[in-house]
Amino acid sequence: MSKEKIEDLNELGAKLIKAELLGDEELAASLRERLDNARKSSQIEEPQFNQTSSKISKKNENYNREKFHKHKNRRHEDQEAKMFKRNYKYDEYDDLNYDDYATTSTKKMKNDFKFEKKIENKIEKEEKRTAENCPYCFENTQKHLVISIGKHCYLSLPSTESIVEGSCMIVPMSHCYSSVTCDEDVWQEIEMYKKVLIEMFDKRRCECVFYEMYTSENKYGHMIIECVPLGMNVSNLAPIYFKKAIIESESEWSTNKKLIELKDKTIRNTLPKNVAYFTVSFGNDTGFAHIIEKNEAYPSHFAKEVIGGIVDLDPLSWMRPRKESFSEQSKKVIEFSKWWKPYEFNKC
């Protein structure tokens, strides 16, 4: 038999082996038939040469089978390696093997616990540092600006020039972050101060606008409820201006609802804890709340900018409020104290 015919038989044999390994029965049957026909037509007469051809064919078959298994095993190992890297990203898992998975799981739990403890300690240190340097905690505040002192809160005037005459602040005496997270007795006293301020300014033909902002940038800062009295001639514009400003503050693709109307409910039972927010209310009427998604949309002067638009103020008065002298501060404290005295509910 010629060399070319032997190569044809070997090629058919190799294709047959590959088809059988791949499980392609139809192709295998076709190749088997072709191989049988090729062998019959070759009419091999030399038994020794036939034996050699059989050995060559078998050798090629073994080689192709071995090559296919190597490729299959290598692909399987690559998939395992990729999965291993995806599931175990950290250095402590570099020497992991499947036999000691239980041991490694325990190790992972311990490392997770250490990591959580480290984060807790970091937060605790940051909270302590913020509280120690807080200018609004009662022991650190400017006492000459304080109008009224309660059990849990105090009423104070701003140290800078007031955006509107009569502007004041309700501040918890001890360090707390927001209306949502403060203690119930603190919240009850804040509500009492609001009620009295509304009554006091109502006699002066003004309506109170109360607002608070809690942001992730200042999440350990001191909670402040600011009160701005607006004359009756413009106070009806406040809900309209604030509603428009809140709706336009975030993009149209924001995740949370843009405007939350506080109808017969408070901010405490409306929002979850530790969520950045802005809230505003108008006298005894309901107000609005908004979950802040982008801090840059809510700068510290956000509410003052809206109020400045209502009463037509110079932008510098709310962007860079002027620091008042001690005599100027004392003068406005004396004037406000005269207004407040008939309504003081914290009797000594």
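The values are calculated or read from the model by the stated rules, or taken from the named source; none is laboratory data. Keep in mind that what you see is a predicted model, and the values were worked out from it rather than measured. To get the accessible areas, we keep the full protein, side chains included, count just its heavy atoms, and leave off ligands, DNA and RNA. Shrake-Rupley method; radii C 1.70, N 1.55, O 1.52, S 1.80 Å.
Quick notes
- The amide H of L262, built 1.01 Å from its N in the peptide plane, has G287, F288, A289 as neighbours under 5 Å, considering only residues 5 or more places off or on other chains.
- For the stretch 189-327: rounded, prolate or oblate by the Cα gyration tensor [a/c cutoff 1.5]: rounded
- Spatial offset of the stretch 309-348 relative to the stretch 183-230 amounts to 15 Å, using the alpha carbon center of each.
- When S235, S330, S300 are compared by accessible surface with a 1.4 Å probe, the order from highest to lowest is S300, S330, S235.
- Cα gyration tensor shape of the stretch 250-348, rounded if a/c is under 1.5, else prolate or oblate by comparing a/b with b/c: oblate
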